[in-house]
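Below is one structure, written out as structure tokens; comments come after it.
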Amino acid sequence: MAFFKLIALLCLLAVSALNVKGEVRKFPDTLSFGVATAAYQIEGGWNASDKGENIWDRFTHTTDTIKDRSNGDVACDSYNQHKRDVEMLKELGVDFYRFSISWSRILPEGFSNRLSQDGIAYYDSLINDLIQANITPSITLYHWDLPQNLQDLGGWANPLMVDYFIDFAEVAFEAFGDRVKTWITFNEPWVVCIEGYGGVTKAPALGISGIAEYMCAHTILKAHAKAYHLYDEVYRPIQNGRIGMSLNAGWDEPATQSPADIEAAQRNTQFNLGWYAHPVFSREGDYPQVMKDRVAQKSLEQGYSRSRLPEFTPEEIAYIRGTYDFFGLNHYTTTLVRMPTMRSIAKANFWDDVGTEGFPDPSWPGSASSWLKVVPWGFRKLLNWINENYNNPEIMVFENGFSDRDNKDDVDRISYYNGYLNALMDAIEDGCNVSIYTAWSLMDNFEWLEGYTERFGLYYVDFNDPRRPRTPKASALYYKSVLDSRTIERD
Ligand code: GOI
């Protein structure tokens with residue numbers, strides 16, 4: 001008998017040492033699972049009751065840059081169908097739901113002079129239904145939909161926007177903070193500033209590269225820090241929740257092991273993730289040194305009288321440093337990075353400031369989104385990089401997901417999730433402190449410039465039907481089984 005026990009034990013050891021495909025891996029009990037959405041992408045009701053106009057209303061209504069010439073006027077109609085949304089969350093068995101608040105729905109004029117009772121009532125009802133269903137609500141304050149009249153005043157390029165963001169945050173903490181204990185100040189400030197201020201692929205599409213994105217980031221970092229301090233000093237003592245921001249980051253893999261390519265990959269990470277993470281999560285605070293040096297140098301060469309990258313005062317550096325209860329991460333994909341062969345242009349430009357080239361490996365499987373390749377091991381490397389560079393913070397993964405086009409039998413999405421969940425498990429075994437995993441997204445929704453042509457949902461939404469019916473895709477059943485068993489199969 002003892003002999004057979006020994007054999008069984010040896011087999012078990014062999015299986016775990018060899019990492020056999022199909023082996024069952026159990027997630028730690030400390031990891032919670034959820035799904036995410038964002039207000040403009042799902043709500044519709046763009047002018048319901050007294051809701052004010054925001055920059056995405058303006059952008060979609062007055063330009064023809066959205067691929068299928070669509071907009072978020074109706075989207076998934078969640079403004080009228082949040083009870084169905086909560087049903088879906090219950091079907092999936094999620095621990096929490098991450099959604100965002102539409103600023104101009106609760107403050108129609110952007111300022112806190114006037115609150116919309118209907119706007120507040122909508123989120124009240126959603127939050128109450130979630131709690132009833134034993135699903136933890138978590139709120140993103142800013143997922144890209146600035147009130148248009150605040151944009152008319154310069155938006156995030158105007159440093160005074162800090163105080164108007166604080167007014168909005170205060171209204172939200174007051175109204176919902178008794179029931180909501182996880183707050184995300186900003187979703188992906190990189191996208192807001194690079195694509196909306198430096199570039200033209202997100203609202204307000206200013207396209208003033210090399211200047212505007214640095215102003216935007218400067219304001220957002222101060223606004224984030226001020227919201228953190230407000231929560232920390234006034235609301236945490238009575239509401240006892242947690243607050244941070246969520247940064248998008250791919251993994252930058254050096255294209256070759258040459259010192260130049262390794263340097264390029266590191267610089268790329270510092271200019272993209274470090275731009276926001278270093279001021280908040282590093283011991284020293286402030287922008288990364290390589291960023292300060294390069295933008296100052298190039299600005300000088302280009303004839304500017306000062307660096308295009310604004311400077312923080314020592315007081316501001318100290319005020320921003322440490323303003324987090326967790327590291328919020330949105331991760332989708334990986335790129336190869338190399339040192340460019342041609343160098344330097346005379347005109348101010350963010351990409352010239354970075355001075356790197358990114359491209360995918362042709363062997364990586366693609367998705368419906370040109371930028372999104374399936375590279376699970378990059379997720380593991382990125383989590384470890386954050387762990388090492390920012391002192392082992394508690395990491396909350398607030399977005400991770402895959403796009404396809406029009407398909408309910410979404411086997412590619414299932415293999416994406418299974419690959420990335422395995423990489424997550426590897427990173428946890430490496431010692432990364434990950435407490436939250438969030439799939440993007442609960443359902444197909446308005447995918448910004450791509451309109452409804454790229455679908456990220458676990459639930460399929462029929463956008464041709466005025467009732468916007470939702471049906472579970474194969475991946476919804478896969479995710480449900482992961483949540484029920486708290487296990488995955490090694491791939
Ligand atoms: C989330 O952001 C977001 O929070 C959700 O709301 C959203 O629904 C979800 O993701 C799904 O998208 C300008 C090929 C500069 C290579 C324009 C093509 C750089 C590189 C456009 C196209 C990467 C996800 C672009 C966060 C993709 C970075 C999404 C941030 C670089 C570009 C490109 C571009 C491209 N994104 N991402 N990139």
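The values are calculated or read from the model by the stated rules, or taken from the named source; none is laboratory data. Fair warning: this is a prediction, and the values are worked out from it, not measured in the lab. Glycine gets a Cβ as well: all are built from the backbone with ideal geometry, and neighbour counts include every protein chain shown. Just so you know, the surface numbers come from the protein's heavy atoms only, side chains and all, with ligands and any DNA or RNA stripped out. Shrake-Rupley method; radii C 1.70, N 1.55, O 1.52, S 1.80 Å.
Applying a 10 Å radius around every beta-carbon, put 33-40, 218-225 in order of their mean neighbour count, most first.
Numbers: 33-40: 25.4, 218-225: 23.4.
For the peptides 33-40, 218-225, the packing ranking is 33-40, 218-225.
Once Rh is set to the Kirkwood radius over Cα pairs, what Stokes-Einstein translational diffusion coefficient, in µm²/s, holds for the stretch 319-368 at a temperature of 10 °C and a viscosity of 1.306 mPa s? All intermediate terms of the calculation are to be shown ahead of the outcome.
Details: Rh = 14.8 Å.
The estimated diffusion coefficient comes to 108 µm²/s.
What order, most packed first, do the peptides 91-100, 404-413 have when packing is the mean number of other Cβ atoms within 10 Å of each residue?
Values: 91-100: 21.5, 404-413: 15.8.
Answer by packing, highest mean first, reads 91-100, 404-413.
Using a 1.4 angstrom probe on heavy atoms only, work out the carbon and sulfur share of the accessible area of the stretch 386-434 in %.
Numbers: 620 of 1750 Å².
Ligands and nucleic acids excluded, carbon and sulfur give 36 percent.
About the Cα centre, and with charges only on the beta carbon of Lys, Arg (+1) and Asp, Glu (-1), how big is the dipole of the stretch 227-287? Nearest 20 debye, please. Present the calculation step by step, with values, prior to reporting the outcome.
Working: 4 positive and 8 negative charges, 57 e Å.
Dipole about the Cα centre, nearest 20: 280 debye.
Quick check: with the 1.4 Å probe, what order do Lys26, Lys473, Lys347 take by accessible area, largest first?
Working: Lys26 120, Lys473 0, Lys347 150 Å².
Accessible-area ranking of Lys26, Lys473, Lys347, largest first: Lys347, Lys26, Lys473.
How much of the accessible area of the stretch 118-158, probe 1.4 Å, is carbon plus sulfur, in whole percent?
Working: 580 of 1270 Å².
C and S fraction of accessible area: 45 percent.
In whole percent, what relative contact order does the stretch 250-303 give with Cα contacts below 8 Å and a gap of six or more residues? Display every interim value, and only then the final one.
Numbers: 35 pairs, mean separation 12.0, N = 54.
Dividing the mean separation by the residue count of the stretch 250-303 yields 22 percent.
For the chain, take the alpha-carbon Rg, divide it by the Kirkwood Rh, and send me Rg/Rh.
0.97
Trypsin sites (Lys or Arg not before Pro) within the stretch 287-335: which are DSSP loop residues with at most 16 other Cβ atoms inside 10 Å? Spell out each step's value before the answer.
Details: sites: Lys292, Arg294, Lys298, Arg306, Arg308, Arg321; in loops: Arg306, Arg308, Arg321.
Sites meeting the loop and neighbour criteria: Arg306.
Mind ranking 482-489, 232-239, 78-85 by how tightly packed they are, going by the mean number of other C-beta atoms within 10 angstrom, highest first?
On the way: 482-489: 15.1, 232-239: 13.6, 78-85: 19.9.
Ranked by mean Cβ neighbours within 10 Å, highest first: 78-85, 482-489, 232-239.
Give me P(r) over the stretch 348-491, computed from all C-alpha to C-alpha distances, binned every 5 Å, as integer percentages.
2, 9, 16, 19, 17, 16, 11, 6, 3, 1, 0
By a straight-distance test (C-alpha under 12 Å), which aspartates and glutamates pair with Lys292 as possible cross-link partners, with residues fewer than eight away in the same chain excluded?
By straight Cα distance, Lys292 reaches Glu311, Asp353.
First measure r as the distance between the Cβ atoms of Trp371 and Ala260, then evaluate 1/(1 + (r/R0)^6) with R0 = 22 Å and state the FRET efficiency to the nearest 0.05. All intermediate terms of the calculation are to be shown ahead of the outcome.
Numbers: r = 24 Å, r/R0 = 1.09.
Plugging the Cβ-Cβ distance into 1/(1 + (r/R0)^6) gives 0.35.
Where does the chain land at 222 nm, in deg cm²/dmol rounded to the nearest 500, when only DSSP H runs of n ≥ 4 count, each adding -39500 (n - 2.57), divided by all residues?
Details: 19 runs with 201 residues, N = 491.
It lands at -12000 deg cm²/dmol.
Any idea of the accessible area per residue across the chain, 1.4 Å probe, to the nearest Å²? If you can, show how the numbers build up before the last one.
Values: 19570 Å² over 491 residues.
On a per-residue basis, 40 Å².
Can you spot the lysines whose alpha carbon is less than 30 Å from Lys26's alpha carbon? Ignore those fewer than 8 places along the same chain.
Qualifying lysines at Cα under 30 Å: Lys5, Lys90, Lys181, Lys373, Lys381, Lys408, Lys473, Lys480.
Pop out the carbon and sulfur fraction of the accessible area of the stretch 190-254 as a percent, whole number, probe 1.4 Å. Walk me through the numbers before you get to the answer.
Working: 1150 of 1950 Å².
Answer for the stretch 190-254 is 59 percent, counting heavy atoms of protein chains only.
Over the stretch 236-379, with a single point scatterer placed on each C-alpha, what log10 of the ratio I(q)/I(0) does the Debye formula yield at q = 0.11, 0.13, 0.16, 0.18 1/Å?
Computed log10 I(q)/I(0) values: -0.52, -0.71, -0.99, -1.14.
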